[in-house]
Amino acid sequence: STKTELPAPYGPWMDIARELPQLIMSHQLRSHVHQMPQLSTQHLRGREELHLAHLVLSCITMGYVWQEGEEGTVQVLPRNLAVPYWEVSQALGLPPILSHADFVLANWRRKDPNGPLEIENLDTIITLPGGESLRGFILVTLLVEKAAVPGIKAIIGALRAILQCDEETLHRALQELAGAIEAMSEALRRMHDYVDPEVFYTVIRIFLSGWKDNPAMPHGLIYEGVSQEPMAYSGGSAAQSTVLHAFDELLGICHHEDSAAFLHRMRDYMPPPHRAFVEEIQRAVSLKQHVLSSGDARLRAAFNRCVSALTDFRSYHITIATKYITIAAAKAKAGRAEPNSRAGPSGGKPPSALEAKGTGGSHIFSFLKSIRNTTREGMISA
């Protein structure tokens, strides 16, 4: 079962973390943080507690920075938050900002501990503003990761089969991988059922945004008591998901320079064991070379089904991003004219600094289209 509580000394963190949406929306989070005691991290035991502490401090930090929207950002994260956050981050090898590893991978629990890993039986541990849509956004993303699990296992099976020259097992592993990627697209479709585009665009998005490549915080953030110089970190992004990096490496898909550079930088936001796994696949024998030199039509078809499924997944991600960003942005702009339209976090206008950018700070459409197109180019032609 997932740990959902930190040890007793960390009550002051948990008390704030449990009330984040209310504290942020009532503009009281910053004053609560200022009154928080500075706690030592020495009572945190084991990776699970460290990961939970990282999630808790990450969410408090995002709320602290963005409480007043993009107009009212801060330059300094106070030491009673910054110092323990830095220590926990160092212990885990994670950056001191909310990442995919925190917000999705470490932020779920089963309602009924013996029940299934289905959305009805899942809940988040810590939330930010956005209500049911935020919960849906986190859990649907988690279910996409869950759908990828057989594909991760298939990677290991495929690499082993190549080394053992076992074409039958290799073929089966590639079919498994293609099936998993297809299931990921299926899982991603549920975004429409659980996440309202207007809430995502006007409320949720800003709290996932970072302080690198973000005009709202051009200088980054000073972590008081850690460094005199401001530090810049990217916001949370699906580009930080290990599974897609792993699939790209296995299938030998090489992205173009700008996109490749951004994706590569996102690896620094993964837990170190995840990063090591991706690098191990990168160093392994080339699946594509093996399939090409085998001249086996069945293997080639299975390989191409994987590439095609990954291309379709990325195309579908573009469809989702269009709905949740472009169309939502247009509606928000139109809505600014209406006096009582739902407003952004500070009751002001929806964020404009990020209009065409993903939460990770990339120029989202050129980026997503570029990686989708290079994926498609990874097909082996007959």
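The values are calculated or read from the model by the stated rules, or taken from the named source; none is laboratory data. No experiment lies behind these values; they were computed from the predicted model shown. Neighbour counts run over all protein chains shown; Cβ positions are idealised from the backbone, glycine included. These accessible areas exclude ligands, DNA and RNA; they are computed on the full protein's heavy atoms, side chains included. Shrake-Rupley method; radii C 1.70, N 1.55, O 1.52, S 1.80 Å.
Between residue 381 and residue 319, what's the calculated FRET efficiency when r is the beta-carbon distance and R0 is 35 Å? Round to 0.05. Could you put the intermediate results ahead of the total?
On the way: r = 26 Å, r/R0 = 0.75.
For R0 = 35 Å, the calculated efficiency reads 0.85.
With all protein chains kept in place, the per residue accessible area of the range 23-88 amounts to 40 square angstrom at a probe of 1.4 angstrom. Computed on the Cα trace of the chain, the radius of gyration divided by the Kirkwood hydrodynamic radius gives Rg/Rh = 0.98. Over the range 136-264, Cα pairs under 8 Å with separation of 6+ residues give a relative contact order of 22 percent.
The relative contact order of the chain comes to 20 percent, based on Cα pairs under 8 Å that sit 6 or more residues apart. Tell me, what % of the accessible area of the chain is carbon and sulfur with a 1.4 angstrom probe? Exposed carbon and sulfur together represent 52 percent of the surface.
Could you state the accessible area per residue of the range 218-326 in Å², with a 1.4 Å probe and every protein chain left in place? Provide the component values of the computation, followed by the final result.
Details: 4760 Å² over 109 residues.
Ligands and nucleic acids excluded, the figure is 44 Å² per residue.
Pairs with C-alpha atoms separated by more than 21 Å, drawn from the list 111/153; 146/288; 3/111; 111/323, are 111/153; 146/288; 111/323.
Pick out the long, greasy-scoring helices in the chain: whole DSSP H runs spanning 15 Å or more along their own axis by Cα, mean Kyte-Doolittle at least -0.5.
Details: long enough: 46-66 (30 Å, 0.57); 79-92 (19 Å, 0.00); 131-163 (49 Å, 1.25); 167-188 (32 Å, 0.00); 272-283 (16 Å, -1.05); 297-321 (36 Å, 0.22); 364-376 (18 Å, -0.08).
Membrane-span-like by this rule: 46-66, 79-92, 131-163, 167-188, 297-321, 364-376.
When Rg and the Kirkwood radius Rh are both evaluated on Cα atoms of the range 244-319, their ratio Rg/Rh stands at 1.00. Taking all protein chains as shown and a probe of 1.4 angstrom, residue 198 keeps an accessible surface of around 70 Å².
Relative contact order of the range 20-157: what whole-number percent is it, with Cα pairs under 8 angstrom and at least 6 residues apart? So the answer I get is 26 percent.
Cross-link reach is defined here as a Cα-Cα straight distance under 13 Å, omitting same-chain residues fewer than 8 places apart; for residue 369 the aspartates and glutamates meeting it are 258, 312, 377.
For the range 32-92, the ratio of Cα radius of gyration to the globular rule of thumb 2.2 N^0.38 Å stands at 1.16.
Largest mean-square fluctuation among 37, 129, 21, in a Gaussian network model of the chain whose springs join Cα atoms under 10 Å apart, belongs to 37.
Here's how it looks for residue 222: its modeled amide H is under 5 Å from those of 76, 77, 231, which are all 5 or more places away or on a different chain.
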